[in-house]
Structure formats: structure tokens, C-alpha cells
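The values are calculated or read from the model by the stated rules, or taken from the named source; none is laboratory data. Only a predicted model underlies this, so the values are computations on that prediction, with no experimental measurement involved. Using ideal geometry, Cβ is built from the backbone for each residue, glycine included, and neighbour counts are taken over all protein chains shown. Areas reflect the complete protein model, heavy atoms only, side chains present, ligands, DNA and RNA absent. Shrake-Rupley method; radii C 1.70, N 1.55, O 1.52, S 1.80 Å.
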Amino acid sequence: MLSTDIIIAVKSYTQNMTNKVTVVLQTGEHEKRAELVEFLRQICSVSAQLTCVERDDKLRSPVSFYLEVEGQHSGISFSGIPSGHEFNSLILAILQLSGTPLKLDNSLIKMVKKIKERLHFEVFISLTCHNCPDVVQSLNQFSLLNDSISTEMIDGGLFQALVNERNIQGVPSVYLNGELFANGKIDTAQLVDKLVKRYPYIIEKNENKEQELQDVTVIGGGPAGVAAAIYAARKGLKVTMIADRVGGQVKDTLGIENLISVVKTTGTELTNNMQAHLNDYDIKIKSFLRVEKIEKGTIKKLHLSNGELIDSKTVIVATGAKWRELGVPGEKDNIGSGVAYCPHCDGPFFKGKEVAVVGGGNSGIEAALDLAIVVNHVTVFEFLPELKADQVLIDKAQANPKITIVKSAATKEVIAQEGKVVALAYEDRNTGEIKNHNLSGIFVQIGLVPNSGFLNGVVECSQYGEVVIDEKCQTTESGIFAAGDVTTVPYKQIVIAMGEGSKAALSAFEYLIRSN
């Protein structure tokens, strides 16, 4: 199952294991069990510190297993074969159990350790989902930090009956102690927010504690933020990066072919490369956290979602953008239950079904082409009289018998019955007639909206929420710069964001030199 190259790579990763890790596999019969046994056997063959045993521990299924370290249950378990994007989740858990340090901010570690209640997380995933591993890996680390926390990765493809029972139509879908905790397009920062809301005692307000004054604080971990942090660090400045996740929107991108000098890559690969580049510099990275507000002044005060306060001479805002929502009745109520924003992650849940894509730009037509491979039929709804996508994409969609295009259509409502989406109501803008289109899933692809809400009253923003900047990335507030998709700079592209982030860092450096 595993290639020779992968086995060699895993062997190199496990050379420095200091603790013995045992993979405990549930006994029993299952059509996928032989495949899982071989998969685990290959992994355990790379190190004498790794062993695999079979035991009747009353786990979920004969394709369920957990990790044990020095004879103790780690709290980390898997139901299914963690291949594809989840392969790293298993390998990282093994390495962390064997002594590899956790890469979490100290303040976040303290928060997790404070949790007193017993928490069991179930994370339903798809092996094709790019977002799922982040959630699985974070909750695995939480399990290692606190004996009261346990987590189980569940491959929705292997546990279809359970998926249907819980009406899951989007991943990752996270259950806490048997109840839905979060679903749809979520990330670790949102999970942390939900934990804080449920257990507010884990936040330690430390506004009065001494914090080292930073030269530059970068908000955001996408291409613009990463470039800004690296350029600032290369100037010898004290740099902190605050990011809910490194990679930003890039991490959700399947294929990238327009990054000059890189013929072809993926969002995951580019994100890993950006993380590796960051690691070469003395940059303090605060992951899974958000900036809730900024106090203006000669020294900027940044209030973080964990209660922490950071003082900084300059700030670079590179928070990017998020998927724009339809804003119609029924949309928010059905996210993860038929309304989705990522066709790559959630498309497999609609195999053989009727779905819609709202939006006729490049992202919408690309989504329709991808979905047409797995679903029964895709209907694209475009508000304007003509599609906005590149002609080459339009030609492909029009030539595909599984894709229908409806123009001049204004989405009015998402209709659901018994917790499942069953139709989309739209207005024919030519006649004014309201029509219902029966379907099982709706994929929203109508562009992006800047992540600038926390800047209200701090800097000037356009009518679209974009931060207004000049040619040097300076905002209307002295010492606060901005770069990338969150700004008024046209053409939202990776290569442009990287250039703008670099420019912002150089501008911040120039500002600091002139201020001294």
C-alpha cells in the first residue's frame, strides 16, 4: 500500500523516537480490515519503537485503532484507514507521542491544560478534504496535553450508516460528547473560539503582564503574511505572526499553475513550503489565534482571542478574505447539511446526487467541472446575463452533458426538510418568476469578502470592506500597513499577494528607521 519512497521517509522521521508507541487494533471482521492491517504493518516496520497488536477493546469497528504510549492509552484513535491527507495526522501523532515537541503557542497550551471537563471529540473526515487534517491534528495535540481530552478520526466513507444517521453532509464535522460541536468549513481557530465560549475560565486575561515590545506584528498567515514576516525578519526586526492557520485560502486550493517559476504545485505543498521557509527565521508564530481589536497610538496594542495583549511598533494586516455568503434564508442554518463552500472537501458526500453551484465565475465553473465527476448532475446559477469565467472553462462546462447553466438567476432561499437541503428557490430575472430547483446540495462560489471586520474605526476601508492603502502599503493610520487580498490592490493572486507582503515589510522597516 505504501510506496518505497514513503516508507523511507517515515523511517527517517522515526529515527529519533524516544518512547515506545503501540498501535492497538480492534479485533473482528471487516472488508477493509486486511488493507488496514497491511497499512499498519508497513508503518510499524520502520522502527523498533513501533509495534502493532490486536486486542478486543470494544472499539467502534474492526477497522478502528488507537495509539498507546508506554502502556497508556494516548486518547488518540482512528476509525478507518488514515491515508490520503490524513496520513500526516497519524505520523504526526506517533512522532509527538514519541517525544517530538508540539508546535503550539504557549498560551494555547495553557488554555487546553486548564480544561477540567471530560471531552471526547469525534471528527468525521473525508480523505480528499484539505481542511480536515488541521482539525484532526490540533485535537490530537489537545489530547496529548490533557488526559481529560480524547479524539477519534472517523472516515465518513467507511461509516456511511453513521454519516446518514447524523445527517452529515460536510466535513470536517466535529462532535463533542456525542453532540454536534462544529461542522462545515471550520478551522482550529474556530474550534478554540467555541471552547473558550463554552469554558470561559480557560482564558487568562493578561493585559497587565509584561510583553516584549515587537517591531512588527503580522496579522495573517497566507502568502502576503508569510512574505511580510520573512522580509521583516531578514531585516533583523523582532517579528510576531498571528494566524488562525498558515496558508490561508491557499490551503484550500487544489492546483496552482500560475506561480511564476513553479510550473505546478498544490495548495498543500505551497503551504508546507511557506511553513518551512518561516522556520528558517526567528519569527514568533502564534497559531489558531485571532486579533479581536487594535488600539491605535505610537505603540499599537493588539488584543488576541485568548486574552493576550501584544504591543508593537508597527502592524501589517494580511488577513486575506473568506468565501462570500449568499445571505439568503436557510443558508446559515444548513451549512454542513447541504450548503457547502468547498467542492473538493464536500463533493464526495453528494455522489450520484443533484447539486447546484451558485456563481458563474472561474471558481464556480471550476467547481462545476470537479463536481460533475462524482455527482449525477450540476446546475450552475449565475446572477448576470452572461458567465464571468474564462472562455476555456465555459467551453468545457457547456460541452459536459452533466452540467446545466442557468443565467439571470437570483438566489432567494435555501429550502430544507427534516434537516436536509431539498431545493433552491431562485428568481428568473427576465420574467420575475420564482422557481424551485430540487437538489441535495448547494455549493456557493460567489467570490470573497475581506477579513477586515476587526479594523472598524482603526483604518479606512472601501465600501467593499477592503483596507485602503497607498503605493507603499501604508493605511490611513500611521504605522499600520496592509497587504494582499484584504486590501484595495486589484487582481487577487498568490504572486501579487507575496509581492505586496514583501513591500509592506520593507515599508514598515523604512517607517521604523525614520521613527528612531
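Exactly one residue out of 41, 33, 55 is in contact with a Cys (Cβ under 9 Å, 6 or more places away or on another chain), over 21 Å from residue 143 (Cα atoms) and charged (D, E, K, R), and it is 41. Among the residues of region 126-162, write down those that are assigned to a helix (DSSP H, G or I), without any contact (Cβ under 8 Å) to a residue 40 or more places away in the chain and either open to solvent by less than 20 Å² (accessible area, probe 1.4 Å) or closer than 20 Å to residue 100 by Cβ (or both). Listed by number, the list holds a single entry, 142.
Restricting attention to region 191-200, the residues that are in contact with a helix residue (DSSP H, G or I) (Cβ under 9 Å, 6 or more places away or on another chain) and open to solvent by 20 Å² or more (accessible area, probe 1.4 Å) total 2. Of the residues making up region 357-376, those that are part of a loop (DSSP other than H, G, I, E, B) and crowded, with 20+ Cβ neighbours inside 10 Å are 359, 360, 372, 375. Could you please let me know if residue 337 is surrounded by fewer than 19 Cβ atoms within 10 Å (Cβ to Cβ) and among the small types (Gly, Ala, Ser)? It is false that residue 337 is surrounded by fewer than 19 Cβ atoms within 10 Å (Cβ to Cβ) and among the small types (Gly, Ala, Ser). Scanning region 118-125 finds one or more residues that are over 20 Å from the mean Cα position of the chain (by Cα) and open to solvent by 30 Å² or more (accessible area, probe 1.4 Å). Consider region 388-399 and keep the residues that are assigned to a loop (DSSP other than H, G, I, E, B) and over 27 Å from residue 434 (Cα atoms). The one that is farthest from the chain's Cα centre (by Cα) is 399.
Taking region 163-185 as the range and being open to solvent by less than 10 Å² (accessible area, probe 1.4 Å) and in a helix (DSSP H, G or I) as the test, only 163 passes. Among residues of region 96-117 being more than 28 Å from residue 249 (Cβ to Cβ) and aliphatic (A, V, I, L, M), the one that is surrounded by the fewest Cβ atoms within 10 Å (Cβ to Cβ) is 115. Kindly indicate whether any position in region 63-82 is over 30 Å from residue 304 (Cα atoms), assigned to a helix (DSSP H, G or I), touching a residue at least 24 places away in the same chain (Cβ under 8 Å) and not small (Gly, Ala, Ser). For region 63-82, residues over 30 Å from residue 304 (Cα atoms), assigned to a helix (DSSP H, G or I), touching a residue at least 24 places away in the same chain (Cβ under 8 Å) and not small (Gly, Ala, Ser): absent. For region 278-293, the count of residues that are open to solvent by 80 Å² or more (accessible area, probe 1.4 Å) and small (Gly, Ala, Ser) is zero.
Which of the residues belonging to region 310-324 are more than 23 Å from residue 511 (Cα to Cα) and in a strand (DSSP E or B)? Across region 310-324, the qualifying residues are 321, 322, 323. Within region 167-194, residues that are within 24 Å of residue 287 (Cβ to Cβ) have Cβ atoms under 9 Å from residues that are basic (Lys, Arg) and part of a strand (DSSP E or B) in these pairs: 185/322, counting only partners at least 6 apart in sequence or on another chain.
Of the listed requirements (1) at negative phi; (2) at pLDDT below 95; (3) loosely packed, with under 14 Cβ neighbours inside 10 Å, residue 27 misses just one: (2).
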